[in-house]
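See below for the structure under consideration.
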Amino acid sequence: MTATARDMQDLYRELVLDHSRNPRHFGRLEDATHTADGINPLCGDKLRLYLRVDDAGNIESSSFEGSGCAISVASASLLTDAVTGLPVEQARRCCATVAERLAGDESAELASNLEKLRALDGVRQYPSRIKCATLAWHALRSALNHDAVPATTE
Amino acid sequence: MGAPVRTIAAADWRADFPALNQSVHGQPLVYLDSAASAQQPGAVIDAVARYQREDHANVHRGVHTLSQRATEAYEGARDKVREFINAGSRTEVVLTSGTTEAINLVAQSFCRPRLAPGDKILITHLEHHANIVPWQLVCEQTGAELVVAPINDKGEVELDRMLELIDDKVFLIGIAHVANALGTVCPLDEVIEQARQRGIPVLVDGAQGVPHLDVDVQALGCDFYAFSGHKMFGPTGTGVLYGREELLESMPPWQGGGDMILEVSFEKTIYNELPYKFEAGTPNISGVVGLGAAIDYLQAIGMANIASYEQELHDYMVAELQKVEGIRLIGEARHKASAQSFLLDDIHSHDLGTILDHQGVAIRTGHHCAMPLMQRFGLSGTARASLAFYNNRDDVDRLVAALGKAKEIFA
Ligand SMILES: Cc1ncc(COP(=O)(O)O)c(C=O)c1O
């Protein structure tokens with residue numbers, strides 16, 4: 001295998017390709033309690049994240065819609081998998097951990113529910129693509145904060 | 001047209017560009033992003049360095065030797081620009097920081113004082129944000145209306161519709177010479193003729209015209225023509241606004257400061273003559289020197305030669321891309337220059353850009369600062385390969401091979 005092919009397979013790991021082709025929890029969530037848009041002004045990609053938080057403060061369900069590159073769609077899909085069922089406070093902490101990890105901080109240990117996000121580690125070699133991976137997580141934070149303005153990667 | 005086409009291989013030109021002679025991710029660089037910014041020939045790089053080493057001082061204000069040399073170099077470049085685009089006079093050549101500043105200058109100095117509610121600015125659906133947003137701003141400021149001429153599915157301006165839209169309420173028309181995202185060459189002659197009959201000024205956004213076509217502003221008959229140095233193999237931070245003298249004379253300065261005045265007192269300031277009235281403050285002297293060197297370089301090859309060489313290469317690129325299974329060309333106008341946008345299967349353009357970069361092939365991906373155009377096609381972005389005369393068929397072949405790899409990864 002050539003170096004190119006190897007590097008590219010590190011970025012586009014099977015799990016990433018799988019989630020980008022078949023995003024989980026894709027579509028609108030009718031009775032959402034929290035929503036937020038994430039916009040990457042660089043490429044014009046947009047996604048909308050939906051959460052339903054129950055009275056006890058747990059994320060009962062989550063979904064997203066929109067369009068984006070394989071990395072941003074896979075990241076959003078993995079996000080919805082990871083945060084469904086989590087207490088809001090824990091989901092907030094996930095935003096921080098994932099951001100640190102994607103920024104290259106190896107010590108940002110991923111909790112077991114975030115294990116799969118290791119699949120996105122390859123993105124750290126591509127500074128221009130890190131934003132693609134973090135977009136959904138920015139949107140998660142603003143959804144939880146009920147921010148009025150869309151989250152952006154800038 | 002009449003000039004003999006030099007039967008020289010592009011490889012000879014390529015060797016003039018040091019940045020092209022490198023490897024990226026272990027593979028020889030294939031640079032197909034000249035529409036975003038073109039590489040500079042050694043002649044430009046050296047001219048800038050020589051100026052910095054030997055001649056630098058401020059312009060227009062010193063009696064000492066270096067200042068005189070700097071002024072000569074700077075003003076000499078203005079003369080080169082005049083000749084290059086065949087402007088009638090050097091007073092019609094305003095040096096700016098780029099196309100963007102040139103268009104904003106016209107919007108704010110020419111349009112803003114005269115626009116009234118109900119007036120219209122007419123543009124096309126193909127424009128770069130730089131030929132949209134300055135008009136939106138001045139419309140907001142004055143109550144005028146921005147009107148957009150439609151394009152067809154091939155990415156051509158619908159000329160009949162555009163001509164119908166040219167009515168007496170249109171105050172100015174802004175139109176690209178060549179559309180940056182799709183490579184469409186716009187029907188300037190017809191639009192300008194119709195506008196002239198009604199006395200409506202036309203601004204041509206020539207950012208993608210000047211690097212690829214033989215531009216003669218007098219033959220075109222436009223009133224303003226804007227372009228950027230960095231897209232025509234010169235330094236960033238340089239650009240030109242050509243304006244017909246009569247119009248420039250009638251316009252107030254748009255920025256105040258040094259260089260644009262004749263006499264200042266607290267009661268009254270007398271503005272400098274053209275073109276200095278529009279060049280407040282110390283300009284990008286070294287950049288402009290580089291721009292002059294880029295023009296010398298291009299003139300030596302001849303823009304007609306460049307245009308015909310590129311046309312053939314563009315046709316080759318389109319033909320080769322069409323053979324790629326799963327490709328969708330965006331922008332299939334009859335007249336095109338340099339750029340070709342496309343999509344491959346359902347691979348997002350960003351992913352394509354990264355995979356191609358890994359094979360040493362540099363293309364642009366995304367919305368190309370033309371979001372309304374992307375919306376017209378229902379897309380968030382495209383991949384775009386843009387050619388310059390330093391590209392050759394090998395580059396196109398490498399692009400096509402790299403697309404094959406992308407298909408493998410996303411298979
Ligand atoms: C058609 C067109 N107009 C305007 C611009 C803006 O040029 P600059 O950023 O150099 O001012 C560009 C650059 O991409 C362009 O392609």
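The values are calculated or read from the model by the stated rules, or taken from the named source; none is laboratory data. This one's a predicted model, so the numbers in the text were calculated from it and none came from an experiment. All Cβ positions, even for glycine, are placed from backbone atoms using ideal geometry, and neighbour counts span all protein chains on display. All accessible areas refer to the heavy atoms of the entire protein, side chains included, with ligands and DNA or RNA removed. Shrake-Rupley method; radii C 1.70, N 1.55, O 1.52, S 1.80 Å.
Things worth noting here:
- Three-way shape call for region B:108-175 based on the alpha-carbon gyration tensor, with the a/c threshold at 1.5: oblate
- List of region B:372-411 residues, accessible area with partners at least 20 Å² below that of the chain alone (1.4 Å probe): B:SER380, B:LYS405, B:ILE409, B:PHE410
- Relative contact order %, region B:93-143, counting alpha carbon pairs below 8 Å whose residues are six or more apart: 49
- Fully extended contour minus Cα-Cα distance, from B:GLU193 to B:GLU325, at 0.36 nm per residue: 43.3 nm
- Annotation: per residue accessible area for region A:3-152 equals 43 Å², rounded to a whole number [probe 1.4 Å, protein chains only].
- Once C-alpha pairs closer than 8 Å and six or more residues apart are averaged by separation and normalised to the residue number of chain B, the relative contact order reads 23 percent.
- Percent RCO, i.e. relative contact order, over region A:27-101, from Cα pairs under 8 Å lying at least 6 residues apart: 25
- Summary of the geometry: region B:294-320 and region B:64-138, compared by the centres of their Cα atoms, lie 25 Å apart.
- Global geometry of region A:32-154, whether rounded, prolate or oblate, following the gyration tensor of its Cα atoms and the 1.5 cut on a/c: oblate
- Charge dipole of region B:47-299 about the Cα centre (unit charges at C-beta), most positive-ward option of B:GLY118, B:VAL240, B:VAL288: B:VAL288
- Amide proton proximity set for A:SER67, modelled H, under 5 Å, gap of 5+: A:LYS46
- Backbone geometry of region A:133-141 corresponds, through the Karplus equation with coefficients 6.51, -1.76 and 1.60 at θ = phi - 60°, to 3J(HN,Hα) couplings of 6, 8, 3, 4, 6, 4, 5, 4, 4 Hz, x marking Gly and Pro.
- For region B:118-134, putting each phi into the Karplus relation 6.51 cos²θ - 1.76 cosθ + 1.60 with θ = phi - 60° gives couplings of x, 5, 10, 10, 10, 10, 10, 6, 8, 6, 5, 3, 5, 10, 10, 5, x Hz, in residue order, rounded to whole numbers and with x for Gly and Pro.
- Heavy atoms of A:PHE26: accessible area, 1.4 Å probe, square angstrom to 10: 110
- Here the peptides A:97-108, A:135-146 are ranked by packing, the mean other Cβ count within 10 Å, and the order with the highest first is A:135-146, A:97-108.
- The H on the amide N of B:GLU145, modeled in the peptide plane, is under 5 Å from the matching H of B:GLY118, B:ASP119, B:LYS120, B:ILE121, each at least 5 residues off or on a different chain.
- The length gained by stretching the chain between A:ASP147 and A:LEU110 to full extension, at 0.36 nm per residue less their Cα-Cα distance, is 10.7 nm.
- Ordering of B:303-315, B:188-200 by burial proxy (mean other Cβ atoms within 10 Å per residue, highest first): B:303-315, B:188-200
- Cα gyration tensor shape of region B:47-299, rounded if a/c is under 1.5, else prolate or oblate by comparing a/b with b/c: oblate
- About the Cα centre, charge dipole magnitude for the protein assembly as shown (Lys/Arg +1, Asp/Glu -1 at Cβ), debye: 520
- Sites B:HIS60 and A:ASP10, calculated FRET efficiency, Cβ-Cβ separation with R0 45 Å, nearest 0.05: 0.20
- Within region B:284-318, backbone nitrogen closer than 16 Å to the virtual label 7 Å beyond the Cα of B:GLU83 toward Cβ: B:289-304
- Between amide H atoms placed 1.01 Å from N, distances below 5 Å from B:HIS128 occur with B:ASN180, all of them 5 or more places distant or on a separate chain.
- Whole-Hz couplings from phi, Karplus 6.51/-1.76/1.60, listed for region A:67-80; x for Gly and Pro: 9, x, 6, 4, 5, 6, 5, 4, 5, 5, 5, 5, 4, 4
- Each of A:ASP45, A:ASP55 has its accessible area taken with a 1.4 Å probe; listed largest first, they run A:ASP55, A:ASP45.
- In region A:37-74, comparing the full protein assembly with the chain on its own, the residues that lose 10 Å² or more of accessible surface at a 1.4 Å probe are A:PRO41, A:LEU42, A:CYS43, A:GLY44, A:ASP45, A:SER67, A:GLY68, A:CYS69, A:ALA70.
- Mean Cβ count within 10 Å, highest first, over the residues of peptides B:87-96, B:317-326, B:355-364: B:355-364, B:87-96, B:317-326
- Buried area at the B-A interface (accessible, heavy atoms, 1.4 Å probe, summed, Å²): 1500
- Based on protein heavy atoms only, region B:146-208 ends up with 38 Å² per residue of surface accessible to a 1.4 Å probe.
- Rounded percent of accessible protein surface that carbon and sulfur make up, region A:49-96, 1.4 Å probe: 47
- What a 1.4 Å probe finds exposed on chain B is 49% carbon and sulfur by accessible area, rounded to a whole percent.
- Sorted largest first, the principal axis extents computed over the alpha-carbon atoms of region B:96-210 equal 36, 33, 22 Å.
- For a label point 7 Å along the Cα-to-beta-carbon line of B:ASN21, residues of region B:35-53 with backbone N under 18 Å: B:39-49
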